[in-house]
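The values are calculated or read from the model by the stated rules, or taken from the named source; none is laboratory data. What you see is a predicted model; the values in this text were computed from it and never measured. No Cβ is skipped: glycine too gets one built from the backbone with ideal geometry, and neighbour counts run over all protein chains shown.
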Amino acid sequence: MKHPIAVTLSETDRASLHMFIHAGKANARTFTRACVLLKAAEGWTDAQICAAFDISRNTSIQVRQLYLAGGLEADVRQGLPMEPGQAARIDYEYERLGTANLFFFVEPLTGWRHVEMTEHRTKLDYAQCIRWLVDSVYPHADSIRIVQDNLNTHTPAALYEAFEPAEARRILRRVEFHYTPKHGSWLNMAEIEIAIFARGCLSRRVESMQVLRQRIAALESERNAQRCTISWRFTSNDARVKLHDLYPEVKKKQD
């Protein structure tokens, strides 16, 4: 007979589980849990699941309960609840059953930012973000200057792989890329914003991709409404003093 606790997977969770199974990189325990959740969502009975994956009925039940209680990032060991004079405690050990990529867009002087969450970090994902920036965020701008690092996906060629040549040229005519040096931390303003979102969205366990999207959207809306800017105190004059080796030395002509 079917277990009374029904399991319903979101499309995102279902895709994440299929990704783990087909990637072939998950450990045996994670692989089995992923298979159990998928088959439970398809309506398999405990008897069918136990026979197919050679597990006990208690294991089948526990996998369902962990998912319903904690989503894909289910705790391996149960935490200790709050008690008088003692905060709730969570074991450091967990089982990761999903990953996500975040594209950060930050305009430090105006206090605007946007976080685009994708399942992968590919050239196609990057190209879609650049087109969104050009067409939706700055539709009337003649030129958009983008400061970015040197990831292999951050190239004009990515747009030609994603779109027809005419569309790629249309977008690139309005974009001006500026790349940071390969050696050294030159994206500190972006890293400040990333750190804020890491503390606000990842300081506690994430039950599912949907929960992560909700946390990101809430923090993004809050900071945009407050127009939180970044006060950057390292000026060009400071750079010329501390990084003088990187600046050309101009020699004045003698009469």
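Here are a few things to note about the model shown:
- Of all residue pairs spaced 6 or more apart or on separate chains, those with beta-carbon atoms under 6 Å, a first member in segment 53-69 that is part of a helix (DSSP H, G or I) and a second member that is surrounded by 15 or more Cβ atoms within 10 Å (Cβ to Cβ) and hydroxyl-bearing (Ser, Thr, Tyr) are Phe53/Thr32.
- Identity of the residue in segment 140-160, under 21 Å from the mean Cα position of the chain (by Cα) and part of a strand (DSSP E or B), that ends up surrounded by the most Cβ atoms within 10 Å (Cβ to Cβ): Gln148
- Only one of Arg240, Arg233, Arg223, Arg205 that is charged (D, E, K, R) and at pLDDT 80 or above: Arg223
- The set of residues in segment 3-15 being modelled with pLDDT of 65 or more and farther than 10 Å from Leu37 by Cβ consists of Ile5, Ala6, Thr8, Ser10, Glu11, Thr12, Ala15.
- Candidates Phe163, Phe197: the one that is under 30 Å from Lys242 (Cβ atoms), crowded, with 16+ Cβ neighbours inside 10 Å and either modelled with pLDDT of 85 or more or not assigned by TED's automatic domain parsing to the domain that holds Val115 (or both) is Phe197.
Condition check ((1) part of a helix (DSSP H, G or I); (2) within 12 Å of the chain's Cα centre (by Cα); (3) under 30 Å from Ala239 (Cα atoms)) across all residues:
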residue	(1), (2), (3)
His178	no, no, yes
Lys182	no, no, yes
Ala190	yes, no, yes
Ala195	yes, no, yes
Ala198	yes, yes, yes
Cys201	yes, yes, no
Arg213	yes, yes, no
Ile216	yes, yes, no
Glu220	yes, no, no
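- Residues located in segment 71-119, provided they are at pLDDT 65 or above, outside any strand (DSSP E or B), loosely packed, with under 11 Cβ neighbours inside 10 Å and not assigned by TED's automatic domain parsing to the domain that holds Ala218: Pro81, Met82, Pro84, Gly85, Ala87, Ala88
- Selection of first residues in segment 223-247 that are on the phi > 0 side of the Ramachandran plot and of second residues that are β-branched (Val, Ile, Thr), restricted to Cβ pairs under 8 Å at least 6 apart or on distinct chains, gives the following pairs, ordered by first then second residue: Arg227/Thr110.
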